[in-house]
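Have a look at the structure below, then the notes.
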4 protein chains.
Amino acid sequence: MPEWPEIKKFQSEFRTFVAEREWDQFHTPKNLAMALAGEGGELMEHFQWLTPEQSVDLPGETLTEVAQEIADIQIYLATLADRLGVEIGPAVARKMKLNAEKYPAERVRGSARKYTDYE
Amino acid sequence: MPEWPEIKKFQSEFRTFVAEREWDQFHTPKNLAMALAGEGGELMEHFQWLTPEQSVDLPGETLTEVAQEIADIQIYLATLADRLGVEIGPAVARKMKLNAEKYPAERVRGSARKYTDYE
Amino acid sequence: MPEWPEIKKFQSEFRTFVAEREWDQFHTPKNLAMALAGEGGELMEHFQWLTPEQSVDLPGETLTEVAQEIADIQIYLATLADRLGVEIGPAVARKMKLNAEKYPAERVRGSARKYTDYE
Amino acid sequence: MPEWPEIKKFQSEFRTFVAEREWDQFHTPKNLAMALAGEGGELMEHFQWLTPEQSVDLPGETLTEVAQEIADIQIYLATLADRLGVEIGPAVARKMKLNAEKYPAERVRGSARKYTDYE
């Protein structure tokens, strides 16, 4: 299975964006993993005081900010994968195959107990 | 700009995967944001004791685990976006436009100082 | 206001523990901050699929694991503070003073709206 | 081993602070774990583009901000422990005993390999 074309296209464009700014020096995999985790934390902070119900129906302004965090995470994820030579599409396909084997629908259906072990 | 087709395809497949297991009840945006941030933390832990140089050249076993974490993050990111009605491709395009305006190449080139403010 | 005596005592003991293992080389503030954030993610993952109600009343085994994560976070927090020369007790006192000024009880009482801005 | 007295004192004061603002409703263990992880991410972001060497010697302004994040983490950690009935001092003592057994000094000295497994 080939890499998702849009990911490849973005990675190529972002490589140019970074090179033009001479930012490669900051983009070690270690630093990119930190930046990605940091953005994950920022995304999460938008939800931390909401009830589960409120989190389904965000105010427009919050949704705009959340969409920006989602974009930041996608950008860092694609950049880290690019630096490490990991192809995201094929990695997702492999992981979904593992998930299907590990969690057969008929066995885990609706079970929070099983779900708790789903990492 | 339309959503990346592979993201849409994955979201549709994953919706079925989740429905077959009756896991929708766990997939509030709040919980998905937590799961995403948690996977970001797991990814980062692979890098925490490495030097910047070591992080560029991971042992094969570590790289396999890191690729799985990257897949997990992509899976949760696409699922959260799906639940919120956010389109990832267009959100990335909008964010890159903002980044280009905020960080003109000629002004920020190679500057850690400016880069520090790049969030 | 002086540092909390138990923090100082722990920091001193842990300095010996680390020196005996020649682990100082791994304990840059950057790496310790990553380790701390990683432990925060691990702690959080115990709660991610629980309802708010379930999170109040953890099964005994989960509580034991959560207590270990709390200890890990306290250990890294004290170690990072030690490396940076930050005194935790006085820093908490200063932050609580700021919080009291920023969130006067009569103005913010029970308000999720205000609370959302509480970072 | 008893709880650290300063932690107990802080927890008691903070219980009053929270009650005066009617914020208990937001302070489920689930939400507190999210807030703690979020603060861990914010702390880490101060370090993400720094070299290991730069992280040892922070500019004064950054150090002030980092000290505030350390305080925030300590505040949420103590509050979460209080809600769960976990005593931090004894939990740290138990964890250090486990660490001493798991990582005998003579066996792991200076070994990044062993250290990598130190979680």
Original post:
Rounded, prolate or oblate: which fits chain A, taking a ≥ b ≥ c as square roots of the Cα gyration tensor eigenvalues, rounded meaning a/c under 1.5, else prolate when a/b beats b/c?
Top reply: oblate
Original post:
Which value, in Å² and to the nearest 10, is the accessible area of A:His46 when all protein chains are kept and the probe is 1.4 Å?
Top reply: 40 Å²
Subject >> Charge dipole (debye, nearest 20) of region B:1-96; +1 at Cβ of Lys and Arg, -1 at Cβ of Asp and Glu >> reply: 600 debye
Original post:
Using a Gaussian network for chain C with springs between C-alpha atoms less than 10 Å apart, which of these wobbles most: C:Pro90, C:Pro59, C:Pro29?
Top reply: C:Pro59
Original post:
Quick one: with all protein chains in place, what share of the accessible area of region D:6-115 is carbon or sulfur, to the nearest percent (1.4 Å probe)?
Top reply: 51 percent
**OP:** Once you have a ≥ b ≥ c as the square roots of the Cα gyration tensor eigenvalues for the protein assembly as shown, tell me rounded if a/c is under 1.5, and otherwise prolate or oblate according to whether a/b is larger than b/c.
**Re:** rounded
**OP:** Could you order B:Leu84, C:Leu80 so the one with the most accessible surface comes first? Probe is 1.4 Å.
**Re:** B:Leu84, C:Leu80
Original post:
Dipole size in debye (nearest 20) for region A:23-64 around its Cα centre, Lys and Arg Cβ +1, Asp and Glu Cβ -1?
Top reply: 220 debye
Subject >> Candidate lysines - alpha carbon under 18 Å from D:Lys102, same-chain residues fewer than 8 apart omitted >> reply: D:Lys114
Original post:
What is the minimum Cβ-to-axis distance for chain C, in whole Å, where the axis maps C onto D, and to which residue does it belong?
Top reply: C:Gly40, 2
Original post:
So what does D:Asp82 come to for accessible area, using a 1.4 Å probe and Å² rounded to 10?
Top reply: 50 Å²
**OP:** Of the options C:Ala91, C:Leu36, C:Ala78, report the single residue whose Cα projects farthest towards the positive end of the charge dipole of chain C (beta-carbon charges: Lys, Arg +1; Asp, Glu -1).
**Re:** C:Ala91
Subject >> Nitroxide proxy distance, nm - points 7 Å out along Cα→Cβ at B:Asn99 and C:Val56 >> reply: 4.4 nm
**OP:** Express the accessible area of chain C per residue in Å², computed with a 1.4 Å probe while the remaining protein chains stay in the model.
**Re:** 43 Å²
Original post:
Helix A:5-20: angle to the longest alpha-carbon principal axis of chain A, degrees 0 to 90, nearest 10?
Top reply: 40 degrees
Original post:
Taking a ≥ b ≥ c as the square roots of the eigenvalues of the Cα gyration tensor of region D:1-71, is the shape rounded (a/c under 1.5), prolate (a/b larger than b/c) or oblate?
Top reply: prolate
**OP:** Name the residues of region B:10-28, by number, that are at least 50 Å² less accessible with every protein chain in place than in the isolated chain; the surface is that of heavy atoms, probe 1.4 Å, without ligands or nucleic acids.
**Re:** B:Phe17, B:Arg21, B:Trp23, B:Phe26
Subject >> Rounded to the nearest 20 debye, dipole of the protein assembly as shown from Cβ charges on Lys, Arg, Asp, Glu >> reply: 0 debye
Subject >> Value at 222 nm in deg cm²/dmol, rounded to 500, when DSSP H runs of n ≥ 4 in chain B each add -39,500 (n - 2.57) >> reply: -23000 deg cm²/dmol
Subject >> Pairwise burial A:B, computed as accessible area of each alone minus the pair, summed, 1.4 Å, Å² >> reply: 6100 Å²
Original post:
Can you list, shortest first and in nm, the gaps between the label point of B:Ala105 and those of its counterparts in the other copies, using a point 7 Å from Cα in the C-beta direction?
Top reply: 5.0, 5.6, 5.9
Original post:
For the residue pair A:Leu63 and B:Arg15, what label-to-label distance in nm results when each label sits 7 Å from Cα along the Cα-to-beta-carbon direction?
Top reply: 1.6 nm
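The values are calculated or read from the model by the stated rules, or taken from the named source; none is laboratory data. Just so we're clear, the structure is a prediction, and the values are computed from it rather than from any experiment. In this analysis, Cβ positions are derived from the backbone assuming ideal geometry, glycine residues included, and neighbour counts consider all displayed protein chains. When the accessible area is computed, the model is the full protein with side chains, heavy atoms only, and any ligands, DNA or RNA have been set aside. Shrake-Rupley method; radii C 1.70, N 1.55, O 1.52, S 1.80 Å.
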